[in-house]
Amino acid sequence: WYQRRVREAVVSTQSTGSSGINAEYGGAETPQMMIRFVVCVAILAVSGALGAEIEACDCWSARCNWCTDVRCAVEVPNFATTGITMASKLNRKTSNTVVLFNSAGKELGTINWNLRSVIMTGGCISKYIYMDAKVSPVDLTEWTLRMGNDRVIIDILGKEAMNTGLYEECASHFADIGFVAFTNIECDTTVTYDGESSILGSLFGSNACAACDE
């Protein structure tokens, strides 16, 4: 909506010029029109800073080398602090699978979680149980995963749902996370990226991703 209003304001200004605005709205209202335009631009800038959404790439395909090619992943330089934000259907049976790589692109393992448990594989196998969140099982729910400083944190709808320490062997193995990829996901799952704290790989969102299985 904001983007549409800003485009309309820009087109109107370009096509009519300031004299056109004066003619249509009267000279006395020109400052108010400019204020509205500036507010729209500011809101759009803030919206862009918060990130854009894209359909998540399921890396389980030949072109993604079965979830080992970071070109089908998202680079997360500050995974411990900003993490990765997605929107998917949450329930107590189907897991969200996030594939973890270090900053050099080496696969470390996975974190599989749902509203019943969190299971990590790779350098360790750990299972964490945490309290269920009140969400609709049929609607997309936004969640953020962060891991670092010896902890795993999951926020659901902006509220912290789990914050737990990692076992020593897990903390050491997953100390350096630089990329994340996704598999075993539904077609409408999305990921948020902003080009700085979350950077899409060159094949992310392309036909290299696994075919969508409704």
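The values are calculated or read from the model by the stated rules, or taken from the named source; none is laboratory data. Please read all numbers here as calculations on a predicted model, not as lab measurements. Neighbour counts are summed over all protein chains in view; Cβ atoms, including those assigned to glycine, are modelled from backbone coordinates with ideal geometry. Areas reflect the complete protein model, heavy atoms only, side chains present, ligands, DNA and RNA absent. Shrake-Rupley method; radii C 1.70, N 1.55, O 1.52, S 1.80 Å.
Quick notes on this structure:
- Enumeration of residues in the stretch 123-167 that are surrounded by fewer than 18 Cβ atoms within 10 Å (Cβ to Cβ) and among the acidic types (Asp, Glu): Asp132, Asp139, Glu142, Asp150, Glu160
- Of all residues making up the stretch 72-81, the number that are open to solvent by 60 Å² or more (accessible area, probe 1.4 Å) and either assigned to a loop (DSSP other than H, G, I, E, B) or more than 24 Å from Ala62 (Cβ to Cβ) (or both): 3
- For beta carbons closer than 6 Å, sequence separation of 6+ or different chains, a first residue in the stretch 57-78 that is touching a residue at least 40 places away in the same chain (Cβ under 8 Å) and a second that is assigned to a helix (DSSP H, G or I) and surrounded by fewer than 24 Cβ atoms within 10 Å (Cβ to Cβ), there are no qualifying pairs.
- Residue among Lys134, Lys127 that alone is at negative phi, assigned to a strand (DSSP E or B) and at pLDDT below 90: Lys127
- Note on the stretch 148-214: enclosed strands (runs of 3 or more DSSP E) holding 3 or more residues that are of a type outside the set (A, V, I, L, M) are 159-165, 179-183, 190-193.
- Residue that is nearest to Ser172 (Cα to Cα) [pool: residues in the stretch 95-110 that are in contact (Cβ under 8 Å) with a residue 24 or more places away in the chain and outside any strand (DSSP E or B)]: Asn102
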